[in-house]
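Enquirer: Dropping a structure here in structure tokens format, bear with me for questions.
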Amino acid sequence: MRLAGPHSTRLSRVVALAVLATLAVVAYVGRVQYEMRDFQVYWEGGRRVLAAESLFRAEDGHYVFKYLPAFAIVVAPWSLLPLRAAQAVWFGLSVIGLTFVLQSSARLLPGRRRPTWLLVVAAIVALGKFYGHELVLGQVNLAVTALAIGALGAFRRNRDGWAGALLGASVAVKPYGIILLPYLVVTRQRRAAACLASVVVAALVAPVVAYGPSGAVEQHRLWLATIVGSTPSTLVTQDNISLFAMFGKWFGVGPIAWSLGFLSVAVMVGLVALVIARRPASEAVYLEIALLLMLVPIVSPQGWDYMLVMATPAVMLVVDRIDRLPRALGVSVGLALLAMGLSLFDVLGRTAYAAVMRWSLVTICALVIVAGVGVLRNRRLA
């Protein structure tokens, strides 16, 4: 009797989605609804922009709004709901976004050699901690990743304008996505670059509706001052996995850490340029966008560990082709993926977990995966 086929595959998907939905509801009711502290910052920002009040206030302390004023406009509809209801809607959409990120990262992988379920499981093993952290905080990095993966799909259908618009929307949500603009210019994807830039300009102008021209300029000035002023204190936070934080933890926050951080970022940019220079004629965009997404939390001074949800496409890429890497590097990538997944407080205990974060093991593991992606391109295997 034959069990495999379209109907059994469809049934498996329905069962998997039902299980995921059940787990999501249990998690939300049992714990998440009492947390989502970052979402509360968004909700308050949306409330303030609707009232044309200043978004950036020193009295907010650690939970100051750190996003572009345009993002407050994006989340303003949630602020029309009571906080608990808004949280529930946001959490549900985040779970849907996670499902989309996992499925689409596997589906869009060019020349895929392994089944989707295996790639999804591998991503959950390596990045499950960060998916969970993202959902508990009510963060927005899954939305940024989903927009970037949507752009990958648009590129595949030769809809470069839509791809650029989606990437521009990701910049409006979190400015880190601007790293993709020079990439699009260098790779001569002019229509996508123009659409990305247009969306970004629109996002910068949008706050004029709430604050007027001078008020919008002032809100952007306060945003920049908030980002610059809050960065040094975050470099020794254990959940910061950026290169700047790594050197700050090793040598103390000061000239040495900043110099090594900027030098490392320059080296990373140079290596990415080499990767792009070796691009094959087609199907290059998946690897390149996957690589750039993974670099965001590594090169940004405020690169929190949960931002590694953006590494989903890169993780699936190296897992799909891990046997084609040099043996030593393949083993290193496998160990790095496991180490990232097991860097849990409940697994390691307080002392070991503190040591792992103090020595920036997660950052080192991420760099190993970046190396794997680079070697795959160098060997023209992706």
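Enquirer: Which condition number does Val315 fail, the rest of (1) within 16 Å of Arg112 (Cα to Cα); (2) hydrophobic (A, V, I, L, M, F, W, C); (3) in contact with a Phe, Trp or Tyr (Cβ under 8 Å, 6 or more places away or on another chain) being met?
Expert: The number of the failed condition is (3).
Enquirer: Contact list please: Cβ distance under 9 Å, first residue in region 206-233 and aliphatic (A, V, I, L, M), second residue loosely packed, with under 12 Cβ neighbours inside 10 Å and part of a helix (DSSP H, G or I), pairs at least six apart or on different chains.
Expert: Ala216/Val209
Enquirer: Does region 151-170 hold any residues that are assigned to a helix (DSSP H, G or I), free of Cβ contacts under 8 Å to residues at least 40 places away in the same chain and not charged (D, E, K, R), and which are they? Spell out how you get there, then give the answer.
Expert: Step one: filter region 151-170 for residues assigned to a helix (DSSP H, G or I), giving 151-156, 160-170.
Still in the list and also free of Cβ contacts under 8 Å to residues at least 40 places away in the same chain: 154, 160-170.
Those that are assigned to a helix (DSSP H, G or I), free of Cβ contacts under 8 Å to residues at least 40 places away in the same chain and not charged (D, E, K, R): Ala154, Gly161, Trp162, Ala163, Gly164, Ala165, Leu166, Leu167, Gly168, Ala169, Ser170.
Enquirer: When you go through (1) more than 16 Å from the chain's Cα centre (by Cα); (2) small (Gly, Ala, Ser); (3) surrounded by fewer than 19 Cβ atoms within 10 Å (Cβ to Cβ) one by one for Ala72, which number turns out not to apply?
Expert: The one condition Ala72 does not meet is (3).
Enquirer: Going by what's in this entry, would Val121 be described as β-branched (Val, Ile, Thr) and under 23 Å from Leu344 (Cα atoms)? Quick ask: steps written out before the conclusion?
Expert: Values: β-branched (Val, Ile, Thr): yes; under 23 Å from Leu344 (Cα atoms): yes.
Criteria met by Val121.
Enquirer: If Tyr306 meets every condition in (1) within 20 Å of His133 (Cβ to Cβ); (2) surrounded by fewer than 23 Cβ atoms within 10 Å (Cβ to Cβ) apart from one, which number is that one?
Expert: So Tyr306 meets the others, but not (2).
Condition check ((1) within 21 Å of the chain's Cα centre (by Cα); (2) of a type in the set (Val, Ile, Thr)) across all residues:
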site: Val125; (1), (2): yes, yes
site: Phe130; (1), (2): yes, no
site: Arg157; (1), (2): no, no
site: Ala169; (1), (2): yes, no
site: Pro175; (1), (2): yes, no
site: Leu181; (1), (2): yes, no
site: Arg191; (1), (2): no, no
site: Pro213; (1), (2): no, no
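Enquirer: Taking into account only those residues within region 174-194 that are among the hydrophobic types (A, V, I, L, M, F, W, C) and surrounded by fewer than 21 Cβ atoms within 10 Å (Cβ to Cβ), which is farthest from Leu204 (Cα to Cα)? Steps first, please.
Expert: Keep residues of region 174-194 that are among the hydrophobic types (A, V, I, L, M, F, W, C), which gives 178-181, 184-186, 192-194.
From what is left, the residues that are surrounded by fewer than 21 Cβ atoms within 10 Å (Cβ to Cβ) are 178-179, 181, 185-186, 194.
Working: Ile178: 13, Ile179: 17, Leu181: 16, Val185: 21, Val186: 24, Ala194: 15 Å.
If we take residues in region 174-194 being among the hydrophobic types (A, V, I, L, M, F, W, C) and surrounded by fewer than 21 Cβ atoms within 10 Å (Cβ to Cβ), then Val186 is farthest from Leu204 (Cα to Cα).
Enquirer: Right, next: Which numbered condition in (1) under 17 Å from Gln33 (Cβ atoms); (2) surrounded by fewer than 19 Cβ atoms within 10 Å (Cβ to Cβ) is the only one that Ser94 fails?
Expert: Condition not satisfied by Ser94: (2).
Enquirer: Would you confirm whether or not region 235-253 contains a residue that is farther than 30 Å from Leu344 by Cβ, modelled with pLDDT under 90 and out of contact with any Phe, Trp or Tyr (no Cβ under 6 Å at 6 or more places or on another chain)?
Expert: Taking every residue of region 235-253 in turn, none turns out to be farther than 30 Å from Leu344 by Cβ, modelled with pLDDT under 90 and out of contact with any Phe, Trp or Tyr (no Cβ under 6 Å at 6 or more places or on another chain).
Enquirer: Only one of these conditions is not met by Leu338: (1) farther than 18 Å from Gly132 by Cα; (2) part of a helix (DSSP H, G or I). Which number is it?
Expert: Only one criterion is unmet by Leu338, namely (1).
Enquirer: On to the next question. Got a number for residues in region 345-375 being among the small types (Gly, Ala, Ser), in contact (Cβ under 8 Å) with a residue 60 or more places away in the chain, in a helix (DSSP H, G or I) and surrounded by 14 or more Cβ atoms within 10 Å (Cβ to Cβ)?
Expert: Step one: filter region 345-375 for residues among the small types (Gly, Ala, Ser), giving 349, 352, 354-355, 360, 366, 371-372, 374.
Now drop any that are not in contact (Cβ under 8 Å) with a residue 60 or more places away in the chain, which leaves 354, 360, 366, 374.
If we keep only those that are in a helix (DSSP H, G or I) as well, we get 354, 366, 374.
Now restrict to residues that are surrounded by 14 or more Cβ atoms within 10 Å (Cβ to Cβ): 366, 374.
Here the count works out to 2.
Enquirer: Could I ask something else about it? Find the residue count for region 285-341, including only residues that are under 22 Å from Asp38 (Cα atoms) and among the acidic types (Asp, Glu).
Expert: Result for region 285-341: 1.
Enquirer: Further, regarding this structure: Residues that are β-branched (Val, Ile, Thr): find the helices (runs of 4 or more DSSP H) completely inside region 177-275 holding 1 or more of those.
Expert: Details: elements: 180-186, 190-205, 208-234, 243-251.
Where helices (runs of 4 or more DSSP H) fall fully within region 177-275 and carry at least 1 residues being β-branched (Val, Ile, Thr), they are 180-186, 190-205, 208-234.
This table checks each residue for (1) in contact with an Asp or Glu (Cβ under 9 Å, 6 or more places away or on another chain); (2) within 29 Å of Gly97 (Cα to Cα); (3) of a type outside the set (Lys, Arg).
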residue	(1), (2), (3)
Leu292	no, yes, yes
Thr312	no, yes, yes
Val319	no, yes, yes
Gly330	yes, no, yes
Arg350	no, no, no
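The values are calculated or read from the model by the stated rules, or taken from the named source; none is laboratory data. Predicted, not measured: the structure shown is a model, and the values here were computed from it. Glycine also receives a Cβ, built like all others from the backbone with ideal geometry; neighbour counts cover every protein chain displayed.
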